[in-house]
Amino acid sequence: MHERFLQLDSFLTTHQEFWRFEPFLVSCFGVVPWNDSRLSYFLEDLTNAQVEELKSDAKSLNQCLSDFIPKLDCAFKLNQLKRIQLEGLKLDRLVTNGVPGRKLDQIASMGEAALKCHCGSEWLEWCSGKGFLGRVLADHSGHPVTSFEYQRALCDVGQREADSLKLPMTFVQGDALSSEAKSILTRNQHAVALHACGDLHVSLIEKAVAAGLPALTLSPCCYHLTQDDKYQALSSYGQSSELKLSRSELRISLQETVTGGERVKRHRFLEMSYRLGLDLILREVLGHKDYVPIPSIKKSMLSEGFEVFCQWAADKKQLRLPQALAYEDFYSRGVKRYWQMERLNLVQQPFRRSLEMWLVHDKALHLEEHGYQVSLATFCSEEVTPRNILIQAVKP
């Protein structure tokens, strides 16, 4: 694990020009961050259809880019993790009632993985929501579950459901980032956290180490949701690294999405083209030098067209747009920028998993440095969720 982290760190540090940029913004200025005209020509020669094909075929993309980015094949191998061998839990329909689609697959897989290495006589379900994962663990192990959740309404619903199923679960409302949260940890608990975001999973790791919990099973998510401007490395190896990742750089590792249908792709194309076209209006017509962030929009509004989007955004940001604007021209240029952005995304794409692996290894090494035996694996396919890495830590 130490050796893999050092290799990932060296790869990311050496090739910063290929991933430390924002494709959305770079597409506006046309000045690429790398010093390789061959790569630029390669991207320009791709048709839009070829761009789409390479986006969904990581192996082919790596083969194409390996001519321009040294050691890309080695990094691809470093990013591979073994899949946990799972037999598939038999789930009581009442226990899983109300769990949506892919979430049920995630919960079943992570629940089985946690049960296979269960240590202690209790469970701590961190950031539990309504306690879906806790229900599975309580039902299959018979051990009590403390479900810790910030939202009171979710605690109330979860407790009612657990009581009706006669499961040994106790919901506790509280702030996972507060120092008071450590009071719910005991030395008998095996802590679990499915997709706890940013500081929330970091808080669990730190509190679990301090309390000496016998085991943790967690799948990190949303690394950019942190109170700090820069990533605060946990392990001694991470703290020694030259990489000091900003919030926007932490987002890079999350930009892989489960392949959606044509409707999802169409929505993304329209929204990004609209935002890029509007950015041109704000810069060229209103004189803004910096990007103006626009709030999220309901997908149903996208069908109303680019001009309606611009008026909506102007109202949200309290901006005045001129009455006579060549909306069709700006939209056409927004579409052109969209495909420029997608070409830039191709270069950044192979580094996303490497960044996530770097972040996960930092957390795993921190646990190892505090006496835990740690393993890293995937607990489900990327089709179920791209955030499929599982950290398992057990105190000998």
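Computed from the coordinates by the stated procedures, all read-outs in this text should not be read as laboratory data. What you are looking at is a predicted structure, and each value in this text was computed from that prediction instead of being measured.
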- Message: Going Cα to Cα from K77, which lysines come in below 23 Å? Please leave out same-chain ones fewer than 8 positions away.
- Response: K55, K59, K363
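For a distance above 36 Å, tell me the whole-number percent of Cα pairs in the chain that qualify. Walk me through the numbers on the way to the answer.
On the way: 26321 of 78210 pairs.
In whole percent, the long-distance tail amounts to 34.
Under the Kirkwood approximation applied to all pairs of distinct alpha-carbon atoms, what is the hydrodynamic radius of region 333-396 in Å?
14.2 Å
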- Query: Which whole-Hz ³J(HN,Hα) couplings does region 232-241 yield from phi under the Karplus relation 6.51 cos²θ - 1.76 cosθ + 1.60, θ = phi - 60°, glycine and proline marked x?
  - Reply: 9, 4, 9, 7, 5, 5, x, 5, 7, 6
- Task: Give the shape of region 164-264 as rounded, prolate or oblate, defined through the alpha-carbon gyration tensor: a ≥ b ≥ c are the square roots of its eigenvalues, a/c under 1.5 means rounded, and otherwise the shape is prolate if a/b is larger than b/c and oblate if not.
- Result: oblate
- Query: Cα centroid distance between region 351-367 and region 106-173, in Å?
  - Reply: 27 Å
- Item | Hz values of 3J(HN,Hα) by residue in region 191-206 - Karplus curve (6.51, -1.76, 1.60), Gly and Pro given as x | 7, 10, 8, 9, 6, 6, 7, x, 4, 5, 6, 5, 4, 4, 4, 5
- Is region 233-303 best put as rounded, prolate or oblate by its Cα gyration tensor, with a ≥ b ≥ c the root eigenvalues, rounded for a/c under 1.5, and otherwise prolate when a/b is larger than b/c, oblate when not? oblate
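When the Kirkwood hydrodynamic radius is evaluated over all pairs of different C-alpha atoms of region 1-147, what value in angstrom, to one decimal, is obtained?
Details: mean 1/r = 0.0508 Å⁻¹.
With all distinct Cα pairs of region 1-147 included, I get 19.7 Å.
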- Note on the structure: Sorted by chain and number, the residues with a modelled amide H under 5 Å from that of A196, at a separation of 5 or more or across chains, are S219, C221
- Query: Full extension from C117 to S248: what is 0.36 nm times the residue separation minus their Cα-Cα distance, to one decimal in nm?
  - Reply: 43.6 nm
- Work out, step by step, the length gained on full extension between K71 and N35: first 0.36 nm times the residue separation, then minus their alpha carbon distance; give nm to one decimal. 11.3 nm
